[in-house]
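The values are calculated or read from the model by the stated rules, or taken from the named source; none is laboratory data. Here the structure is a predicted model, which means the values were calculated and not measured. Using ideal geometry, Cβ is built from the backbone for each residue, glycine included, and neighbour counts are taken over all protein chains shown.
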Amino acid sequence: MYGKIKQDLKNTLEELKEQGLYKSERIITSSQSSDISVSTGESVLNFCANNYLGLANNPEVVKAAQDIMNEWGFGLSSVRFICGTQQIHKQLEEKVSKFLGTEDTILYCACFDANGGVFEPLLGDDSAIISDELNHASIIDGVRLCKAQRFRYKHSNMEELEQCLNDSADAKYRIIVTDGVFSMDGDLAKLPEIVALAEKYDALFMVDDSHATGYIGKTGRGTAEHFDVLGKIDIITTTFGKAMGGGNGGCTSGRKEIIDMLRQRSRPYLFSNTLAPATVGATLKVIDMLSGSDQLPAKTMANANHFRTKMEAAGFDLVKGDTAIVPVMIYDEPLAVKFADELLKEGVYVIGFCFPVVPRGKARIRVQLSAAHTAEQIDKAVEAFIKVGKQLEIIS
Ligand SMILES: *Cc1c(COP(=O)(O)O)cnc(C)c1O
């Protein structure tokens, strides 16, 4: 039986390799950090993790995960509604609600699940979902699992969004959905404008703040804090797998009745295991650290600004922005791949992003800054960029 599909799979895998689209994984032999070891034995500076607050190997966070396991065990062997809800799960939901300024929160094992399970319980075929064209794959999949009508607007194009709102006027309920921070350009969604449109057209508003929660906004509460629209977003989904310690887990947070309905009907919540206590303990700790001081998000942004300033002075073409994602534009695809390879030889780990992840001819090196980077590490990375940039004649 396997014979025919085996050959087809082999052929397709070969094609992927020929097209340069085959993803191989570099093996890290240390914990996640600003400075990592790779399987060749070298130590490299890491500028491609979503570890925005540098908490992925923070000793306090690791200890919180260990301590909570001593008391609450390793796993629950259950979904939440059978016997998978411990006090710590309720504590985390309350803490996240308080942190995000929302009424209630439901936990998922990943934000992918949160997005996969958010639309179908709330919207039927008489309703409409209006989505930014660059929204994350998990939002796209969540929309596919739901029978609502679909509308898509050009990235952050408010005229097209308004047109979608007009076109969907017959729908019973409408929801506008956007990423808070878009991962490829590091740009922020236009929250104030979208809030105004949602109010004008009586639509719901959902933001996926996965690339924002923990470090965007003065105290890390995300894009709603950055734009001063806390409380105006009906649904926030986010991950604990990026700035918030980088393990896994995620949530949907927002209006009380919405969250309550998700507990009744959201399939990834009902039919998938509860969050492991270690994840809960670490995330509780991260929120405590953020609630006590705004030092960590400030450090992340100071590092991003330091990198931006030096790279611009060196003549690199950066996508402007207010986040810790700094795309260095190379434009040419093979050149971007070569640039990243040469940087690795200089001890700087970054990734070149090419079509189809970004538009053709818009290849780039995406640099992500973290609170864990030191000024020396950033300076060293900039020096490597300058050396390779001159070598490849990208700067003079
Ligand atoms: C990373 C990411 C996700 C997925 O989060 P997981 O918790 O890893 O599943 C969802 N949405 C956006 C916008 C993301 O950046």
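In table form, for the structure just shown:
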read-out	value
Flag for residue 372 being surrounded by 19 or more Cβ atoms within 10 Å (Cβ to Cβ) and assigned to a loop (DSSP other than H, G, I, E, B)	yes
Residue within the range 58-80 that is among the charged types (D, E, K, R) and within 16 Å of the ligand (Cβ to nearest atom) present	no
Residue in the range 205-213 that is surrounded by fewer than 24 Cβ atoms within 10 Å (Cβ to Cβ) and not aliphatic (A, V, I, L, M) present	yes
Test: residue 256 is at pLDDT 95 or above and out of contact with any strand residue (DSSP E or B) (no Cβ under 6 Å at 6 or more places or on another chain)	no
Residue match in the range 110-124 (condition: away from the ligand (no atom under 16 Å from the Cβ), charged (D, E, K, R) and surrounded by fewer than 21 Cβ atoms within 10 Å (Cβ to Cβ))	yes
Selected residue (criterion: farthest from the ligand (Cβ to nearest atom)) from residues of the range 240-270 that are assigned to a helix (DSSP H, G or I) and closer than 16 Å to residue 79 by Cβ	264
Meets criteria (in the same structural domain as residue 259 (by TED's automatic domain parsing) and either without any contact (Cβ under 8 Å) to a residue 12 or more places away in the chain or away from the ligand (no atom under 16 Å from the Cβ) (or both)) for residue 230	yes
Criterion violated by residue 251 - all others in (1) at positive phi; (2) in contact with a Leu (Cβ under 7 Å, 6 or more places away or on another chain) satisfied	(1)
Conditions (1) away from the ligand (no atom under 16 Å from the Cβ); (2) touching an Asp or Glu at 6+ places or on another chain (Cβ under 9 Å): number failed by residue 100	(1)
Residue 23 modelled with pLDDT under 95, under 21 Å from the mean Cα position of the chain (by Cα) and either within 28 Å of residue 385 (Cα to Cα) or of a type in the set (A, V, I, L, M, F, W, C) (or both)	yes
Only listed residue being crowded, with 17+ Cβ neighbours inside 10 Å and out of contact with any helix residue (DSSP H, G or I) (no Cβ under 6 Å at 6 or more places or on another chain), chosen from 220, 180, 142, 186	186
Subset tally (residues that are part of a loop (DSSP other than H, G, I, E, B) and more than 11 Å from residue 177 (Cβ to Cβ)) for the range 104-122	6
Contacts under 8 angstrom Cβ, first residue in the range 129-144 being without any contact (Cβ under 8 Å) to a residue 60 or more places away in the chain, partner away from the ligand (no atom under 11 Å from the Cβ) and of a type in the set (Phe, Trp, Tyr), 6 or more apart	129/119; 129/151; 131/151; 131/153; 132/153; 133/153; 142/119; 143/119
